[in-house]
Amino acid sequence: MSLRNVTFAAVMLASSFAAAAGASREAAHDSVGTAAVVIRGGDSAWRPVADEPTRAAASSPTVAAVSAAGADMSGGATASAPVVSTSIEQTPVAAQPAACGEWIAPGMPEGPIALGFNEADVATGRRVCPRTEVSIGERADATIATEDFYGSIGATSLVSASWAQTPRRELFFTVEGFHYGWTVNAVIESTDVGFGQLTAGASQIVASGDRWATATSARLMLPTSMLMDVRVVGAELGQALTYRPTGWLEVHGYAGVDGSAALFAAPQPRFGGFLNAGVQWNALSRFAVVLDANARVGGFAWYVAPAAALRFRIAEGGGLELAATRPVVGTDRRTVIAGLRLGWRL
């Protein structure tokens with residue numbers, strides 16, 4: 001037997017073994033079920049797709065090489081060889097909750113009104129559904145207490161960003177880019193100008209259904225403010241819930257606990273709890289009304305404060321929010337807090 005015939009026989013034997021292995025893998029695959037592949041990253045889910053038909057020998061580099069070798073060793077005649085098909089299995093990404101897909105427009109804001117009485121976005125709640133977004137905003141507050149000969153006004157510029165790492169996990173941060181405060185009483189007058197606090201955190205959807213989803217969130221407050229003589233650190237842990245019977249309506253809620261402490265200073269740590277419940281009605285695809293009820297205990301002051309907001313969709317990925325809140329019960333002395341926020345979903 002010539003060397004060419006021996007080589008050709010070895011190639012054909014290897015092809016037969018490969019075909020048998022491929023048939024075994026195909027049978028095992030059929031017993032498991034339909035494969036799943038990722039169709040889109042970021043906010044998207046995955047879906048099952050049907051198995052592709054067996055490819056022709058010319059489309060597979062391995063099979064093409066075997067066929068070419070067989071043709072060369074048989075004097076130019078094309079050898080009949082079994083076709084070997086290969087597949088690459090991909091690890092499926094956790095699916096996006098169905099409730100998060102029921103939304104009126106990508107850029108329309110959602111979740112609780114993020115207008116708080118504390119630093120940055122502490123004790124303001126958190127939305128459930130992850131999104132990749134950047135936003136800028138302005139928060140203004142005023143305190144008018146004529147009977148106590150006291151008054152103050154403040155303005156804070158906020159910059160926020162979030163990244164939907166997976167359809168069920170979000171990373172986010174908020175920074176008080178610039179703060180101005182003016183306070184006056186019967187004796188003194190003071191002005192504060194400077195950089196504020198920075199918060200960073202993450203949220204994870206832990207359970208979901210056809211119309212609802214719930215997420216656990218945690219955020220840290222870093223000691224970046226230059227407005228005080230001491231540096232303050234803090235943390236917050238909370239649970240958020242959304243229920244969306246239709247794309248036009250959302251019922252949301254949040255419950256959280258937080259604490260903060262001053263570094264290298266005598267004041268004792270402060271601890272508090274925050275509750276939020278609200279509803280968003282998307283009256284039109286470009287317009288929504290939000291009504292929230294907020295309550296806080298502990299910390300420096302306690303309060304019950306209703307909040308209202310008008311939300312607008314701008315183009316395909318943009319959103320605008322105009323909001324206001326005021327305490328109706330409690331020890332917080334602020335007369336009103338108003339906010340403007342412009343965001344863009346990426």
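Quick notes
- Fewest neighbouring Cβ atoms within 10 Å first, the residues 141, 292 line up as 141, 292.
- From least to most packed, judged by other beta carbons within 10 angstrom and beginning with the fewest, 176, 102 follow the order 102, 176.
- With distances taken between every two different alpha-carbon atoms, region 98-345 has a Kirkwood hydrodynamic radius of 18.5 Å.
- Net +/- balance of residues flanking residue 237 in space, Cβ distance below 13 Å, scoring K and R +1, D and E -1: 0
- Based on Cα contacts under 8 Å between residues 6+ apart, region 98-345 shows a relative contact order of 21 percent.
- Cβ-based net charge around residue 117, under 9 Å, with every Lys or Arg adding one and every Asp or Glu removing one: 0
Values quoted throughout were computed directly from the atomic coordinates according to the rules given, and no laboratory measurement underlies them. Fair warning: this is a prediction, and the values are worked out from it, not measured in the lab. Neighbour counts run over all protein chains shown; Cβ positions are idealised from the backbone, glycine included.
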